[in-house]
Amino acid sequence: MKKLLRLLTATLLLLTCVATAAPLAAAPGTFKSGVFDPPRQAPNFSLQGTDGHPLNLTQYRGKVVLLAFGYSSCTAVCPVTLHTFALAVRKLGPAAAGAVQVVYVTVDPERDTRVRLKQFLASFDPTFIGGTGTPAQLEQVRKDYGVSARKIPYENSYVYDHSSFTYLLDRQGRIRTLMPYGHSADDFVNDLNLLLRE
Amino acid sequence: MRTRTRILVVSAAVLTAALAGFSLAPISAPSREQVFEIPKGTWARRMAGAQIETLPDRIYLTAGVRDVLVLKNRDDVPQIFGPTLMMPGQNFSLPFDRPAEYQFACTAHASGQMTIVVDPYPNTPWARLSWRARDLIRRL
């Protein structure tokens, strides 16, 4: 009986030691965003850029692109997303930041004129480029990227319920990852650095 | 009488050891991935009127144990799967490192929403015991 109790005590001690071991941490050098495998080429589009020039996604080959969808009247998701982008770009430092381009495509062409979208984006970072176009053009872009945007009447106006994630495109213009809404600037910095180092 | 006492003591010891094992042994899984797949032919069967659910409404993950959602599109057409558009043959691996309840728009669900619950890593004996119990119930 004593032998049994001793064995039990030893087992409990061993289990206690094992139990205090730390859980597996995320491996260093891995993406915080969701990774596509294999990555696909980002569908190109031609919209009106907020810089006054046509906006083609292909013109940013060689840069890492943060591509997101929203609208300037958004009071919830878009300001947070754009602020996070601005913070991430600042944290990257000037050299790396020059190799990153934020492209923001409106889901609200009715209100988002080129000028209005430009002012909205410039309040976060003047290097951010916005894209607007006809409803049909924008609908096609959303379809190509699996983005949803639903107009909802609100008081005397309307709001949009829209996809809030961000695509990260590598220098070859491939959709490499998708960052869900709510991630920190540090998470973006982590993933941007991984893509910039490739 | 002595035999009965001995049986009771041994049973109690075995039970204590089992409870101690379940509450003290660290939680681990063979893989940190929770995989969901759209099988080949899903789109065609949906077009023919079949009701096919490829993703549950709620997915449970645990930080540090099983915390990578893997979606695989094995169908012949692009699919909106969870939060994203996936091409045929494409995989999508989404890691979660913060315990929380995440809501994603998902057109594959009738509600248009998908919920991913990421539980914290069970650090205490009681948390490990209840995690194992919950995991068993969910599997059943």
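The values are calculated or read from the model by the stated rules, or taken from the named source; none is laboratory data. Model, not experiment: these values are computed from the prediction. So basically every Cβ, Gly included, is an ideal-geometry build from the backbone, and we count neighbours across all protein chains shown.
May I ask you to list pairs of residues, at least six apart or on different chains, whose Cβ atoms are under 7 Å apart, with the first in region B:5-31 being within 7 Å of chain A (Cβ to nearest Cβ) and the second being modelled with pLDDT of 75 or more?
B:L24/B:P125
Out of the residues in region B:28-41 that are in contact with a strand residue (DSSP E or B) (Cβ under 7 Å, 6 or more places away or on another chain) and in a loop (DSSP other than H, G, I, E, B), state the one that is nearest to B:S93 (Cα to Cα). Can you show your working first?
Within region B:28-41, the first condition is being in contact with a strand residue (DSSP E or B) (Cβ under 7 Å, 6 or more places away or on another chain), and the residues that meet it are B:29, B:32-38.
So of that shortlist, the ones also in a loop (DSSP other than H, G, I, E, B) come out as B:29, B:32.
On the way: B:A29: 17, B:R32: 11 Å.
Once the filter is applied, the top-ranked residue is B:R32.
What's the number of the condition B:S111 fails, among (1) in contact (Cβ under 8 Å) with a residue 40 or more places away in the chain; (2) within 11 Å of chain A (Cβ to nearest Cβ)?
Checking B:S111 against (1) in contact (Cβ under 8 Å) with a residue 40 or more places away in the chain; (2) within 11 Å of chain A (Cβ to nearest Cβ), the one that fails is (2).
Can you pull out the residues in region B:37-80 that are of a type in the set (A, V, I, L, M, F, W, C) and closer than 18 Å to A:T177 by Cα?
Listed by number, the residues that qualify are B:V68, B:L69, B:V70, B:L71, B:I80.
Please go through region B:75-91 and give me each residue that is modelled with pLDDT under 90 and crowded, with 19+ Cβ neighbours inside 10 Å, ordered by number.
Scanning region B:75-91 gives B:Q79, B:F81, B:G82, B:P83, B:T84.
Report, by residue number, each residue of region B:110-138 that is within 24 Å of A:Y181 (Cβ to Cβ), in a loop (DSSP other than H, G, I, E, B) and either among the charged types (D, E, K, R) or at pLDDT 85 or above (or both).
If the condition is that a residue be within 24 Å of A:Y181 (Cβ to Cβ), in a loop (DSSP other than H, G, I, E, B) and either among the charged types (D, E, K, R) or at pLDDT 85 or above (or both), then B:P120, B:Y121 are the ones that fit.
Out of everything in region A:95-135 that is in a strand (DSSP E or B) and polar (S, T, N, Q), what residue ends up being farthest from A:L178 (Cα to Cα)?
Pass one, region A:95-135, residues in a strand (DSSP E or B): A:100-106, A:129-132.
Imposing the further condition that a residue be polar (S, T, N, Q) reduces the set to A:101, A:106, A:132.
Details: A:Q101: 16, A:T106: 18, A:T132: 22 Å.
Among those that are in a strand (DSSP E or B) and polar (S, T, N, Q), it is A:T132.
Please tell me if B:G89 is touching a residue at least 40 places away in the same chain (Cβ under 8 Å), in contact with a Lys or Arg (Cβ under 9 Å, 6 or more places away or on another chain), facing chain A (nearest Cβ under 8 Å) and part of a loop (DSSP other than H, G, I, E, B).
Here the answer is no, as B:G89 does not meet what is asked.
Would it be correct to say that B:L94 is out of contact with any Phe, Trp or Tyr (no Cβ under 9 Å at 6 or more places or on another chain) and either at pLDDT below 90 or within 8 Å of another protein chain (Cβ to nearest Cβ) (or both)?
When the stated conditions are applied, B:L94 passes them.
Which residues, counting only those in region A:38-69, are within 14 Å of chain B (Cβ to nearest Cβ) and of a type outside the set (A, V, I, L, M)?
Scanning region A:38-69 gives A:P38, A:P39, A:R40, A:Q41, A:P43, A:F69.
Kindly indicate which of B:A50, B:A105 is more than 20 Å from the chain's Cα centre (by Cα) and at pLDDT below 90. Write out each step before concluding.
Numbers: B:A105 fails: more than 20 Å from the chain's Cα centre (by Cα).
Only one candidate passes the filter, namely B:A50.
Applying the selection to region B:59-74, what residues are more than 22 Å from B:W43 (Cα to Cα), among the charged types (D, E, K, R) and surrounded by fewer than 23 Cβ atoms within 10 Å (Cβ to Cβ)?
B:R66
Hey, any hits in region A:151-159 for a residue that's more than 24 Å from A:V89 (Cα to Cα) and among the aliphatic types (A, V, I, L, M)?
yes
Somewhere in region A:75-94, is a residue assigned to a loop (DSSP other than H, G, I, E, B) and modelled with pLDDT of 95 or more?
no
I'd like to verify a number: residues in region B:42-81 that are assigned to a loop (DSSP other than H, G, I, E, B), touching a residue at least 24 places away in the same chain (Cβ under 8 Å) and at the interface with another protein chain (Cβ under 9 Å from one of its Cβ atoms), how many?
Qualifying residue count, region B:42-81: 4.
Among (1) without any contact (Cβ under 8 Å) to a residue 24 or more places away in the chain; (2) part of a loop (DSSP other than H, G, I, E, B), there is one condition A:E139 misses while meeting the rest; what is its number?
Unmet for A:E139, out of (1) without any contact (Cβ under 8 Å) to a residue 24 or more places away in the chain; (2) part of a loop (DSSP other than H, G, I, E, B): (2).
Considering only residues that are small (G, A, S) and over 28 Å from the mean Cα position of the chain (by Cα), which ones fall in region B:1-43?
Correct list: B:S11, B:A12, B:A13.
Go through region B:114-140 residue by residue and tally those that are within 14 Å of another protein chain (Cβ to nearest Cβ), touching a residue at least 40 places away in the same chain (Cβ under 8 Å) and surrounded by 11 or more Cβ atoms within 10 Å (Cβ to Cβ).
So the count comes out to 13.
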